[in-house]
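Written out below as structure tokens is the structure these notes cover.
Throughout, read-outs are computed from the coordinates displayed, never taken from laboratory work. All values derive from a computational prediction rather than experimental measurement. Counting neighbours? That spans all protein chains shown, and the Cβs are built from the backbone with ideal geometry, glycine included.
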Amino acid sequence: MAMSTTTVETLVGAAVIALAVGFFGFAAKTAGVGTSSGGGYKVIAEFDNAEGINVGTDVRLAGIKIGSVTGETLNHDNYMARIEMTLDRNVTLSDDTAAKITSEGLLGGKFIAMDPGGSDTKLAEGSVMSMTQGAVDIWSLISQAMFDKSKGGGSGATPPAQ
């Protein structure tokens, strides 16, 4: 009896491990982790504010993921965030494409949105994008609107016109 209980426990444990391995394999494939680096080309963009952007952050075009962030460093010459991205090789963007850090909503996660340009010259491996827009700090904007003393200092309300 003790022998059959041990066998059942071993089989259940093996099934749980196999299920966990399958789950992690599916999650890695869905997230784009583990794909070969040969599947894309690298471009670089520099932002004045890259808050919320990390390695693995999505790069999207028209809301569709076309790549991900693969590196981030500080450019010590101009103190801008230097973001390295790997883009799908099947998506060829012009060299005047703009990269903008945006969010999925008021409290949503950040991603890099690509806004394609109209140039005939295409971005190549290692290209540095010149048109970028950094992350907008929504809380500083709200704070500035609420506490801006330069707009009259009062309640901000104007009397109705007579």
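Modelled spin-label separation between Ser140 and Val21, with each label point placed 7 Å from Cα along the Cα-to-Cβ direction: 5.0 nm. Going 7 Å from the Cα of Thr121 along its beta-carbon direction, which residues of segment 78-115 have the amide nitrogen within less than 11 Å of the resulting point? In segment 78-115, the label zone of Thr121 (backbone N under 11 Å from the point 7 Å along Cα→Cβ) covers 95-96.
Applying the criteria of a DSSP loop state and at most 13 other Cβ atoms within 10 Å to the trypsin sites (Lys or Arg not before Pro) of segment 75-110 yields Arg89.
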